[in-house]
Ligand code: FPP
């Protein structure tokens, strides 16, 4: 690896463009998602090899339920197949699977499978692969506010105890450091209800490449760009 390359500890990705990738080939959207799952494999392996500590992938949002039933069903099946086929590789590569979002509201079989794989890989010490599933940042923050309000009401905490650290601990991402780098594919420049609290100081990298075409070479370009950025966190340039 290039020694000038700064490796982010946590990379978060908004995987976008599966539908457009398929449309360009006159194929159904499902074909794009299937190809997108291949990019998930390639990027997970690349991150594990590079020594990235956390990779968070936006796989299904709270808004994605609005898609046609058939497409939602296909995405769920794809995820289920991914777990069936990939678990061995995750174990081999010392990857730990985690999730953020409300998986209990998903199909019970899929939910059980996710919980099983999370348990099976829970001792793995390499890359943490965090899948955002039925995830919405506004819902996550609302949940946190409710739980804090309930604790104040029950006198478990005082209003003056509420600080940034406490709020972070009530999010799905409790214990996971904030992303250093947020990547969005397919050229759309928005955050789409993803990790709104956690990306306060993340570097954002948007590429026109569609997710099914996003491979290790594209990841390396993102890392080169990240390495050239100066992170000031609101401060001034270090001398
Ligand atoms: C966005 O493309 C992609 C999604 C909403 C789903 C992401 C799912 C995958 C990459 C496949 C499987 C995932 C795993 C973890 C195995 P889009 O459909 O919004 O594309 P478009 O904007 O071009 O229509």
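Only the coordinates and a few stated rules stand behind these numbers; no lab work does. None of the values given here were measured: they were computed from a predicted structure. As a convention, Cβ positions derive from the backbone with ideal geometry for all residues, glycine included, and neighbour counts pool all protein chains shown.
Based on the Kirkwood radius over alpha-carbon pairs, what is the Stokes-Einstein translational diffusion coefficient of region 89-168 at 20 °C with 1.002 mPa s viscosity, in µm²/s? Translational D for this selection: 145 µm²/s. Taking label points 7 Å from Cα along the Cα-to-Cβ direction, residue 153 and residue 169 give a separation of 2.1 nm.
Label separation (residue 20 vs residue 237): 3.5 nm, computed from points 7 Å beyond Cα along the C-beta direction. GNM on the chain, C-alpha springs below 10 Å: top fluctuator among 191, 152, 209? For the chain, modelled as a Gaussian network with Cα springs under 10 Å, the answer is 152.
With a Förster radius of 41 Å applied to the C-beta separation of residue 119 and residue 188, the computed FRET efficiency comes to 0.70.
Within region 200-239, what residues put their amide N at less than 12 Å from the label point 7 Å along the Cα-to-Cβ vector of residue 5? 216-227, by backbone N distance to the label point. Panel note: the C-alpha atoms of region 23-152, placed on their principal axes, show extents of 53, 38, 26 Å (largest first). Shape analysis of the chain based on the Cα gyration tensor places the equivalent ellipsoid semi-axes at 28, 24, 18 Å, largest first. Residues within the reach of a label modelled at residue 196 (point 7 angstrom out along Cα to beta-carbon, backbone nitrogen below 16 Å), restricted to region 47-73, are 61-64. For the chain, adding -39500 (n - 2.57) for each run of n ≥ 4 DSSP H residues and dividing by the number of residues yields -14000 deg cm²/dmol at 222 nm.
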